[in-house]
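Working notes for the structure below.
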Amino acid sequence: MNDLTPTREQREAALEGMGCKRKRVEDIRFTQGKGNYVDDIKLPGMLHGDFVRSPHPHARVKKIDDSEALKVPGVLAVITAETLKTVNLAWMPTLAGDVQMVLADGKVLFQNQEVAFVVATDRYAADDGINKVMVEYEPLAPLVDPFKSMDSDAPVLREDLAGKTTGAHGPRKHHNHIFEWSVGDRELTDAAFKKAEVTIKEMISYHRTHPSPLETCQCVCAFDKIKGELTIYGTFQAPHVIRTVVSLIAKLPEQKIHVISPDIGGGFGNKVGAYPGYICAAVASIVTGKPVKWVEDRIENLTATSFARDYHMTTEIAATKDGKVTGLRVHVLADHGAFDACADPSKWPAGFFNIVTGSYDFPTAHLAVDGVYTNKAPGGVAYRCSFRVTEAAYCIERAMDILAQKLNMDPAELRLKNFIKPEQFPYHSALGWEYDSGDYHTAMRKMMETTSYAALRKEQADKRAAFKRGETREIMGLGVSFFTEIVGAGPSKNCDILGIAMFDSCEIRMHPTGAGIARMGTKSQGQGHETTWAQIIATEIGIPADNIMVEEGNTDTAPYGLGTYGSRSTPVAGAAIAMAARKIKAKAQMIAAYKLEVHEDDLEFDIDGFRVKGLPERYMSMKDICWAAYNSVPPGMEPGLEAVSYYDPPNMTYPFGAYLCVMDIDVDTGVYKVRRFYALDDCGTRINPMIIEGQVHGGLTEAFAIAMGQEIRYDETGNVVTGSFMDFFMPTAVETPHWETDFTVTPSPHHPIGAKGVGESPNVGGVPAFSNAVNDAFSFLGSRHIQMPHDFWRNWKAAKELGAVA
Amino acid sequence: MIPGSFSYHRPASVADAVKLLSDLGEDARPLAGGHSLVPMMKLRLATPAHLIDLHGIATLKGIRRDGNNLVIGAMTTQHELLASEEISQAMPILHEAALLIADPQVRYRGTIGGNVANGDPGNDMPALMLTLGATYRLEGPGGSREVAASDFYQGAYFTTLEPGEILTSVSIPVPAAGHGSAYEKLKRKVGDYATAAAAVILTMASGKVATCSIGLTNVHETPLLAADAAKAVIGTSLDAATLKKAAAAAEAIMAPAADARGPVEYRKHVGGIMVTRALQRAAANAK
Ligand SMILES: Cc1cc2nc3c(=O)[nH]c(=O)nc-3n(C[C@H](O)[C@H](O)[C@H](O)COP(=O)(O)OP(=O)(O)OC[C@H]3O[C@@H](n4cnc5c(N)ncnc54)[C@H](O)[C@@H]3O)c2cc1C
């Protein structure tokens, strides 16, 4: 070895593989404004579509008069439900087994519902056109409060369901009832409550909010009449699913549909489902023979495309006097709006809400969820979380704090006492999941030590005394949250979307010079897949990440996959990538053995190539193997070096974490300050620590927004009052607290590289941390539970109700 | 969020602008920074057929001293107010309040003229102008006139500006040397209008308030001068009881709307707190 021979460390560093804080390759174009988003796509002759929307939350549509609109220069067509009926597309199926109006068919069921689609030569003419479409409505009584949905005198919202006593998920109890879903052992749980020494019961609401990606939902549809092919560029988190859905509902052969997701400016669940805009743009393109673009504006995005949450969770815990939990009983009233357009795996009408036992060893539990209709926008998507997991984590983490308060125990101690123990993994939860791995005690203790938790509690006690003496008007809260997520949907044994198993895929093709391209069924919306996927391959096969190009989003070239949401990309596609890379590596080993003239078993993989065991100087680099794969493969072997893997995960993965929020609240104004926020995440094997940190920062910021003010609110007459970023709380860098991040590493035992997924953990764990901090701050004044969001005026209202302000 | 069609005019003098406005009548609107007008046009809440862009009129820009007054051209941007040494020396409250308007992007475009002429109770400059005793110069087809800021605002988006008139400058008497001032604004986030805000300018003599004026933002359909509250603190050392009285007097004239910032009761309550805090801080920085 001479001085120029790179060391092992240098060779490893050159790969920029797993564990490396590799800079995001996609940021080079994003930070220079050179991304290619849907709205950047301009096709020759392209037309523009825009919606006439309903001002009423509930009304009969008596008449739509488009005659004046058609006189507007540039307006070419006005599409209504009647037009769509001619192609059988006035209604479309939802992912949740319901149907949804594409355009108002006789009735409107929420404010800003799509009523007519105006197609024009430019964006301005389209908007001029919508202002000239005259719609005659007969307003009907709106149903806004989900708790009144099943009243006997509640208005009938869905006339199309008249007489249907069974829905996609079993019997319906009422004309506004969608489904009841129940899991767990009711009798055993009831018995646990009967025997319980201590119980708590609280209705914990998780308000309606919205994923609000900065780029709204949009598409360009281009139908080629000659070839009979439809190309759709769109903001799709799951392009292959969109292709299949379009094929099924538009009755077009799947090979003639090309779905392309270019760069996407954030999704957070908002871009999983299918929206009327896509259907209308496609129909308009088929009708006019021209490409048609539809771009939602901010108001439309916030008020018409999928909302998130709106779960009202009546939660009970049974426990012993010394704080051991013995049972959990939860009933959820789920407000789905006008149509059940939840984007959950098909058999899961309430997603994976049955993760609600959290990180605790509940011997028994029972859960029932009732979904109901109201005159609000449809949706119920997983906003930066696995399906309904944020709701579940919030529910159990608030409830544990309420129990701690009742028992007069420290909330951290109560959690430590009830955690599933490391030796209990794989752990079978009372509501049916098998947790893969975890070490909760270590994570919790690390959080408590790093933050000096005990000292903070002491400071809080002093501050409370000072407040009572009238020396300060500020109260201090400590929000503890310990969450367990369930991500990586999912194993074909329990997850499918419209009958398609939720596997994911990767195809890797190595080129002669030691470079390659990798394509997946996932689609990054900002997660940095182009960076991390290459890192997995780099470590697996010993080719520098810089030499691997990652491509996603084109259904013609990418292998079929179910897309990116629910933190599934790393658990599912990440595994497929490793498995495909291992196939490449296996073939490479055969080629190397042939070239080095040894038996395959005599070779060992060494960072970036193969070495003959015991003869370290006999080595062949992966780069050279790639070359050899195209000119001197062993006799009988096909040339080339590529592989495909479709990965059906054996189980979900269960990331977890321990968060602490320290908050001060001025009771006179309700103004809060997040003094400190500590987030420890365990996502198993860490592929790119810098990207993990970025994901945690983003997820915590969203959690902060949701807990502290972000909501979609309707007034009592059904008007949506949070239609812009003025009122829909979107924090800027100024409001956003400083984040301290930390980690432990408990690899997933069943995942090829032990990774669990992290993008959504901070939203799941963050919301309860903020809300618990607010609730903890007020608890000494006698409060038990204050509903989110905790914006300034509501904090003041809480203080006032507790007698802390005059 | 796509505006309707309009024609665009860019006159080079105030006279041309006034002529265009009077010729084109009701359908014409002056365009300054556009950061209030254009959002309204995108929502089609405003649908002017003609926009008269004032950016081509050089005489509408700049800050100059005129005797005991600072005269600020209508087209002076909020960013330029912030950059002015003269303003931060002579009337630091104007600097402080301008810094609380939206974000740098808005402040690079938004003008003082647009802010005070707009008539939006959420704008911060109007209450400040009342507090400072400013007058506005208006030019119209019938010549020019001066109107006190305190006489200018009549209702939400409703001012004494006559058809064809434009506001050309704002004249502000320089507050007494050694005065204290503070602008306290409660808002939910950067870029939000005030939940409630209070401006205070006062002078102190031997530890007691000698003169005081208090203005209120976004707690009524117009900006307010809280005269009774100001009277209540004169001659006092701002003891707790006085502060309470002043806050109560200010709250008594507030009539905010309930909105996402909070119910009426809350907005009045924090309005009182803003008054208290502004008084205390102004007294502390008076010399
Ligand atoms: C996100 C955001 C947040 C904001 N937050 C705040 C805030 O917190 N506080 C605040 O005070 N403002 C705020 N603003 C408003 C901002 O300061 C505006 O720039 C200002 O209100 C209007 O000034 P402009 O120059 O943009 O006027 P324009 O928008 O151009 O005009 C406003 C109105 O005044 C009329 N007008 C303009 N100039 C004249 C003139 N010389 N003579 C007669 N009429 C005229 C116009 O015809 C129009 O009706 C915010 C704006 C945005 C977009």
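The values are calculated or read from the model by the stated rules, or taken from the named source; none is laboratory data. Quick caveat: nothing in here was measured; it's all calculated off a predicted structure. So basically every Cβ, Gly included, is an ideal-geometry build from the backbone, and we count neighbours across all protein chains shown. Keep in mind that these areas ignore ligands, DNA and RNA; they rest on the heavy atoms of the full protein, side chains included. Shrake-Rupley method; radii C 1.70, N 1.55, O 1.52, S 1.80 Å.
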Original post:
Placing +1 at every Lys and Arg Cβ and -1 at every Asp and Glu Cβ, with all other atoms neutral, what dipole size does region B:184-287 have around its Cα centre, in debye to the nearest 20?
Top reply: 320
Original post:
Can you give the calculated 222 nm mean residue ellipticity of chain A, where each DSSP H run of n ≥ 4 adds -39,500 (n - 2.57) and the sum is split over every residue, rounded to the nearest 500 deg cm²/dmol?
Top reply: -8000 deg cm²/dmol
Subject >> Residue-averaged beta-carbon neighbours from other chains (10 angstrom radius) around A:665-678 >> reply: 2
Subject >> Percent antiparallel among DSSP beta bridges (both partners in region A:483-608, rounded to 5) >> reply: 60
Original post:
Taking the Cα centre of region A:230-317 as the origin and placing charges on Cβ (Lys, Arg +1; Asp, Glu -1), which of A:Pro276, A:Ala238, A:Val292 is farthest toward the positive end of the dipole?
Top reply: A:Val292
Subject >> Cross-link pairs A:Lys164/A:Lys347; A:Lys290/B:Lys42; B:Lys42/B:Lys268; A:Lys251/A:Lys523; A:Lys63/A:Lys132; A:Lys797/B:Lys245 - those with Cα-Cα distance over 21 Å >> reply: A:Lys290/B:Lys42; B:Lys42/B:Lys268; A:Lys251/A:Lys523; A:Lys797/B:Lys245
Original post:
If ligands, DNA and RNA are left out, what is the accessible area of A:Trp91 with a 1.4 Å probe, given in Å² to the nearest 10?
Top reply: 60
Original post:
Where does chain B land at 222 nm, in deg cm²/dmol rounded to the nearest 500, when only DSSP H runs of n ≥ 4 count, each adding -39500 (n - 2.57), divided by all residues?
Top reply: -10000 deg cm²/dmol
Original post:
What FRET efficiency would be calculated for the residue pair A:Ser452, A:Arg60, taking the C-beta separation as r and a Förster radius of 60 Å, to the nearest 0.05?
Top reply: 0.45
Original post:
Expressed as a rounded percentage, what relative contact order does chain A have, with Cα pairs under 8 Å and six or more residues apart?
Top reply: 15
**OP:** Take every residue in peptide A:719-729, count the Cβ atoms of other chains within 10 Å of its Cβ, and give the average of those counts.
**Re:** 3
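For chain A, which whole percent of the accessible surface, found with a 1.4 angstrom probe, sits on carbon and sulfur atoms?
54
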**OP:** Compare the Cα positions of A:Val767, A:Gly163, A:Met652 along the charge dipole of the protein assembly as shown (+1 at Cβ of Lys, Arg; -1 at Cβ of Asp, Glu; about the Cα centre) and return the one farthest towards the positive end.
**Re:** A:Val767
Original post:
For A:Glu423 and A:Glu600, what does the FRET efficiency come to when R0 = 45 Å and r is the distance between their Cβ atoms, rounded to the nearest 0.05?
Top reply: 0.70
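Can you put A:Trp433, A:Trp627 in order of accessible area, largest first, using a 1.4 Å probe?
Reading off the accessible areas and sorting them downward yields A:Trp627, A:Trp433.
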**OP:** Kindly state, to the nearest 0.05, the FRET efficiency for A:Asp151 paired with A:Lys34, given R0 = 56 Å and r defined as their beta-carbon distance.
**Re:** 0.50
Subject >> Prolate/oblate/rounded label for chain A (Cα gyration tensor, a/c 1.5) >> reply: oblate
Original post:
Size of the dipole of region A:648-703 about the Cα centre, Lys and Arg at +1 and Asp and Glu at -1 on the beta carbon, nothing else charged, in debye to 20?
Top reply: 160
Original post:
Hey, if we sort A:Met101, A:Met590 by accessible area with the 1.4 Å probe, largest down, what's the order?
Top reply: A:Met590, A:Met101
**OP:** Can you send over the carbon and sulfur percentage of the accessible area for region B:180-285, probe radius 1.4 Å, protein chains only?
**Re:** 57
Subject >> Simple spin-label estimate for B:Leu99 and B:Val147 in nanometres, 7 Å along Cα-Cβ >> reply: 3.2
**OP:** May I ask you to order A:641-654, A:193-206 by the average number of other C-beta atoms within 10 Å around their residues, highest value first?
**Re:** A:641-654, A:193-206
**OP:** Any aspartates and glutamates with Cα under 12 Å of the A:Lys42 Cα? List them, leaving off those in the same chain fewer than 8 positions away.
**Re:** A:Asp122
Original post:
Which of the trypsin sites (Lys or Arg not before Pro) found in region A:434-502 are in a DSSP loop and have at most 12 neighbouring Cβ atoms, other than their own, within 10 Å?
Top reply: A:Arg469, A:Lys493
**OP:** Pick out, in residue order, every one of the GluC sites (Glu not before Pro) in region A:587-622 that is DSSP loop and has at most 10 other C-beta atoms within 10 Å; say none if there are none.
**Re:** A:Glu597
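With every protein chain kept in place and ligands, DNA and RNA left out, what is the accessible area per residue of chain A? Probe 1.4 Å, answer in Å².
35
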Original post:
Relative contact order, percent, of region B:180-285 when contacts are C-alpha pairs under 8 Å separated by at least 6 residues?
Top reply: 32
Original post:
Cross-link partners among lysines for A:Lys463, C-alpha distance below 17 Å, same-chain residues fewer than 8 apart left out?
Top reply: A:Lys673
Original post:
How would you order A:48-59, A:409-420 from highest to lowest mean count of nearby Cβ atoms within 10 Å?
Top reply: A:48-59, A:409-420
Original post:
Using +1 on the beta carbon of Lys and Arg, -1 on that of Asp and Glu, and nothing else charged, what's the dipole of the protein assembly as shown about the Cα centre, debye to 20?
Top reply: 1260
Original post:
Toward the positive end of the charge dipole of region A:1-152, about the Cα centre and with charges on Cβ (Lys, Arg +1; Asp, Glu -1), which of A:Val25, A:Val118, A:Val72 goes farthest?
Top reply: A:Val25
Subject >> Rounded if a/c under 1.5, otherwise prolate or oblate - region B:7-56, Cα gyration tensor axes >> reply: oblate
Original post:
In terms of Cα to Cα distance under 29 Å, which lysines are near enough to A:Lys613, apart from those fewer than 8 places away along the same chain?
Top reply: A:Lys583, A:Lys585, A:Lys587, A:Lys595, A:Lys623
Original post:
Using the alpha-carbon atoms, what tilt in degrees (0 to 90, nearest 10) does helix B:240-253 show relative to the longest principal axis of chain B?
Top reply: 30
Original post:
Relative contact order, percent, of chain B when contacts are C-alpha pairs under 8 Å separated by at least 6 residues?
Top reply: 16
